[in-house]
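What follows is calculated from the coordinates using simple rules that are stated; it is not laboratory data. Predicted, not measured: the structure shown is a model, and the values here were computed from it. Ideal geometry is used to build each Cβ from the backbone, glycine not excepted, and the neighbour counts take in all protein chains shown.
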Amino acid sequence: MPERDIQGRPDIEKLIRAFYAKITADEVVGHFFTEVVDIDWEAHFPIMFDFWESVLFHQPTYRRNAMAIHLQLNEKEPLLPEHFERWLALFEETVDEHFSGEVAHNAKTRARSIATMMRIKIANQ
Ligand code: HEM
């Protein structure tokens, strides 16, 4: 088990790149990233780094609306409970493969609570 915690943006970059390698190749959720949306990866990665820097280190670098973007995504292709479970399982697996500690734990907890909010908003829209 890794002993290093997530300490800053370079660690976030490592985590997110490893997570996306898994998620884009995954048979349950990969198609959202490869078929449903035509992602501009050069733009998308820094946005994801900003998002996690904001969530984990309280840096106000992410100023977009991730909730609205997933509601739009759900209109194109329904985001179902099994998609969220798979997304979270892969995220947690990736965190555990690279980091351990308070921030790593926090990343998993925050991902789960944001996913729960997304599911509630999708169910109520
Ligand atoms: C079923 C689970 C999920 C799927 C299939 C999914 C898929 C996607 C896709 C395809 C995009 C690109 C959308 C676009 O550029 O139009 C995206 C963006 C994003 N996702 Fe997710 N997502 C999921 C859950 C989550 C969760 C739980 C989080 C946060 C913990 C998250 C955070 C983000 C962020 C920050 C962006 C960038 C939004 C922006 O452009 O500002 N996603 N997601």
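Which of the listed residues, 49, 16, 30, is farthest toward the dipole's positive end in the chain, when Lys, Arg count +1 and Asp, Glu count -1 at the beta-carbon?
Of the candidates, 49 comes out farthest on the positive side.
Suppose the chain between residue 31 and residue 17 were pulled fully straight at 0.36 nm per residue; how much longer would it get relative to their current alpha carbon spacing?
Stretched out fully, the residue 31 to residue 17 stretch lengthens by 3.3 nm.
I want to make sure I understand the PRE zone here: with the label point 7 angstrom from the Cα of residue 105 toward its beta carbon, which residues in the stretch 42-74 have backbone N atoms less than 16 Å away?
none
Given the alpha-carbon gyration tensor of the stretch 53-125, what are the semi-axes of its equivalent ellipsoid in whole angstrom, ordered largest first, with each equal to the square root of 5 times an eigenvalue?
23, 16, 9
Per residue of the stretch 33-50, in order, report the coupling 6.51 cos²θ - 1.76 cosθ + 1.60 (Karplus, θ = phi - 60°) as ³J(HN,Hα) in whole Hz, putting x for Gly and Pro.
Values, residue by residue: 8, 10, 10, 5, 10, 8, 7, 8, 5, 4, 7, 5, 4, x, 5, 5, 5, 4 Hz.
Counting GluC sites (Glu not before Pro) as exposed when in a DSSP loop with at most 10 other beta carbons within 10 Å, what is the longest stretch of the chain free of them?
28-125
Would you mind checking which residues have amide H under 5 Å from residue 62's amide H? H placed 1.01 Å from N; only 5 or more apart, or other chain.
The answer is 54.
With the Cα gyration tensor of the stretch 1-76 in hand, convert its eigenvalues to equivalent ellipsoid semi-axes via √(5λ) and list them largest first in whole Å.
Calculated on Cα positions only, the semi-axes equal 23, 17, 10 Å.
Which value, in debye to the nearest 20, gives the size of the charge dipole of the chain about its Cα centre, when Lys and Arg are +1 and Asp and Glu are -1 at the Cβ?
460
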